[in-house]
Amino acid sequence: MIQNNQKILYYVHDPMCSWCWAFVPTWTKIQDELEGKLDIRYLLGGLAPDSDQIMPQEMQKAISGYWKTIEERVPGTYFNHDFWKVCTPRRSTYPSCRAVIAARKQQPELEKAMIQGIQEVYYLEAMNPSDDEVLINIADALGLDAEQFAVDLNSAETQQEFDAEMDLGARMGAQGFPSLILQTPEGYRYIPLDYNRPEVVLDQLKPLLEAAS
């Protein structure tokens, strides 16, 4: 529950969402500008359910095509396209979402580092975060208790927390990933974003922050 004039900016995302990866530089600038001014919280949206099926060739071509489109539309974004040659892709992002929760459970301050680790092994190192082993290795590299992480990764408790976050994001009105939702005492407000221009978000938030000060 939020009190008085408290406002919270929710970042609704999926670690394996390619558009979330493209948004990283702009999102970082937005957070830097809002530091100390607005409470920012991450919320996992969940892009693709658990699956052990190999991604169909048509879907592989479509998603690899999205990567190329993003590189064109968001200058500076890079994808290691070798992923489609060296990995066996599955349309399954829920494991990476649970991995963020499992990391947060051990050390909340490592939530962002876990997200970054997932994105970097996926998009830069051509490894598959749909695989538990890859996620456990990231956790270990971050200094987390790898054995406990492996237990938490697929626990019923973690899944319940993930389900609750997905439900909250949907009720807030998230429109795909990433989505920015501002919560105020009056309710939720969707904040349109631009992948190349942080001022698009900041200009919307500025009058709201000034009114609260």
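Observations on the model:
- Filtered residue count, segment 200-209, keeping only those that are β-branched (Val, Ile, Thr) and in contact (Cβ under 8 Å) with a residue 60 or more places away in the chain: 1
- Any hit, segment 73-92, residues being in contact with a Leu (Cβ under 8 Å, 6 or more places away or on another chain) and β-branched (Val, Ile, Thr): no
- Residue pairs whose Cβ atoms lie under 7 Å apart, sitting 6 or more positions apart in sequence or on different chains, and linking a residue in segment 177-199 that is touching a residue at least 60 places away in the same chain (Cβ under 8 Å) and of a type in the set (Phe, Trp, Tyr) to a partner that is in a loop (DSSP other than H, G, I, E, B) and surrounded by 15 or more Cβ atoms within 10 Å (Cβ to Cβ), are 177/14; 177/17; 177/45; 177/47; 195/74.
- A single entry from 170, 150, 139 fulfils the requirement of being among the small types (Gly, Ala, Ser), surrounded by fewer than 15 Cβ atoms within 10 Å (Cβ to Cβ) and part of a helix (DSSP H, G or I): 170.
- Residue 60 meets the conditions (1) in contact with a Ser or Thr (Cβ under 6 Å, 6 or more places away or on another chain); (2) surrounded by fewer than 20 Cβ atoms within 10 Å (Cβ to Cβ) in every case but one. The failed one is (1).
- Top-ranked residue in segment 11-32 [being more than 14 Å from residue 191 (Cβ to Cβ) and free of Cβ contacts under 8 Å to residues at least 12 places away in the same chain; ranked as surrounded by the fewest Cβ atoms within 10 Å (Cβ to Cβ)]: 32
- From 145, 140, 131, residue being out of contact with any helix residue (DSSP H, G or I) (no Cβ under 7 Å at 6 or more places or on another chain) and not hydroxyl-bearing (Ser, Thr, Tyr): 131
- Extreme residue, surrounded by the fewest Cβ atoms within 10 Å (Cβ to Cβ), among residues of segment 185-210 that are among the acidic types (Asp, Glu) and either at pLDDT 95 or above or in contact with a Pro (Cβ under 6 Å, 6 or more places away or on another chain) (or both): 203
- Residue that is nearest to residue 119 (Cα to Cα), among those in segment 51-86 that are touching a helix residue (DSSP H, G or I) at 6+ places or on another chain (Cβ under 7 Å) and touching a residue at least 60 places away in the same chain (Cβ under 8 Å): 79
- Residue check, residue 8 in contact with a strand residue (DSSP E or B) (Cβ under 9 Å, 6 or more places away or on another chain), surrounded by fewer than 19 Cβ atoms within 10 Å (Cβ to Cβ) and without any contact (Cβ under 8 Å) to a residue 40 or more places away in the chain: no
- Residues of segment 33-53 satisfying the condition of being surrounded by 12 or more Cβ atoms within 10 Å (Cβ to Cβ) and out of contact with any Leu (no Cβ under 8 Å at 6 or more places or on another chain): 42, 44, 45, 46, 47, 48, 50, 51
- Of the helices (runs of 4 or more DSSP H) that lie entirely inside segment 1-100, those containing 3 or more residues that are at pLDDT 95 or above and of a type in the set (Lys, Arg) span 57-73.
- Only one of 133, 165 that is surrounded by fewer than 17 Cβ atoms within 10 Å (Cβ to Cβ) and either part of a helix (DSSP H, G or I) or under 16 Å from the mean Cα position of the chain (by Cα) (or both): 133
The values are calculated or read from the model by the stated rules, or taken from the named source; none is laboratory data. If you're wondering where the values come from, they're calculated on a predicted model, not measured in any experiment. All Cβ positions, even for glycine, are placed from backbone atoms using ideal geometry, and neighbour counts span all protein chains on display.
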